[in-house]
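Encoded as structure tokens, the structure appears first; notes follow it.
The values are calculated or read from the model by the stated rules, or taken from the named source; none is laboratory data. Values in this document were obtained by computation on a predicted structure and should not be read as measured data. Ideal geometry is used to build each Cβ from the backbone, glycine not excepted, and the neighbour counts take in all protein chains shown.
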Amino acid sequence: MNADLWGLAALSLYALLAATIVLIQSARCPEGWAIWWLYVVHRLYVPNVFHWRANRRCPFPPEGPAIIIANHRSPVDPLMIWMNHHLIPQGTGPIRVIAFVMAREYYEQPGIIGWICKAMQSIPVDRDGKDVQGTRQALRHLKVGKLLGIFPEGGINTGPGLRDADVGVAWLALTSRAPVYPVFLHGTPQRTTMVAPFYTFSRVRVSYGEPVDLS
């Protein structure tokens, strides 16, 4: 066997080994292979487009329920919150889904957008604030020990300061007895369309606050 064939065989072996490692890692993800692949793509995409930085390691719990709240300035905000959530103060934790409460019209989009929303266990709600079914689904999510993401301002806030928060967050926290983790997002891009922020290069800073126990 000449040098070229040896080189080709070695490359094939390395590729097979890499593919085996990827398959094993994705199969071991407690949330399923689809979430593992989404997180791999996410960790390549977010740092390069948004230059993501945080004030410290993510304080979200590696297990058990929690409510994550944040200001809402851009359609990319959920991506910023999901970034590096496994790098907890104690070391490296599991990849966990953060089920964000979101407007029903985005959840029901066809194609890749709708698939990602469903894979991420997003909770669709109507914008009129009277969606009892969505509230019950969010509560069930917490009762089985999962993470819930909420933007208390409701829709995207393009104005200065913060909007008044929806009292539903407090109700969920008190009813579920789940801790609340505040997050503040700086610099997430705003544009005239919902798609443009996803390819707008930015410098996003994430500030994690201390958890609040309302139980």
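Got a number for residues in segment 197-215 being farther than 21 Å from ARG177 by Cβ and part of a loop (DSSP other than H, G, I, E, B)?
Number satisfying all stated conditions: 5.
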(request) Only residues that are among the acidic types (Asp, Glu) and without any contact (Cβ under 8 Å) to a residue 12 or more places away in the chain: list them for segment 106-130, please. (result) ASP128
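Identify, from the list GLY154, GLY149, the residue that is buried (at least 16 other Cβ atoms within 10 Å of the Cβ), assigned to a strand (DSSP E or B) and out of contact with any His (no Cβ under 6 Å at 6 or more places or on another chain). Break it down into steps so the answer makes sense when it comes.
Working: GLY154 fails: assigned to a strand (DSSP E or B).
Result of the check over GLY154, GLY149: GLY149.
Yes/no matrix, rows are residues, columns are (1) modelled with pLDDT of 90 or more; (2) closer than 18 Å to ARG96 by Cβ:
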position: ILE150; (1), (2): yes, yes
position: ILE156; (1), (2): no, no
position: ALA170; (1), (2): no, no
position: ALA173; (1), (2): no, no
position: ARG177; (1), (2): yes, no
(message) If LEU87 satisfies all but one of (1) without any contact (Cβ under 8 Å) to a residue 40 or more places away in the chain; (2) within 19 Å of VAL212 (Cβ to Cβ), what's the number of the condition it fails?
(response) (2)
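Being free of Cβ contacts under 8 Å to residues at least 60 places away in the same chain, farther than 19 Å from GLU63 by Cα and polar (S, T, N, Q) is true for just one of THR188, THR158, THR192. Which residue is that?
Working: THR188 fails: free of Cβ contacts under 8 Å to residues at least 60 places away in the same chain; THR158 fails: free of Cβ contacts under 8 Å to residues at least 60 places away in the same chain.
Criteria check complete, one pass: THR192.
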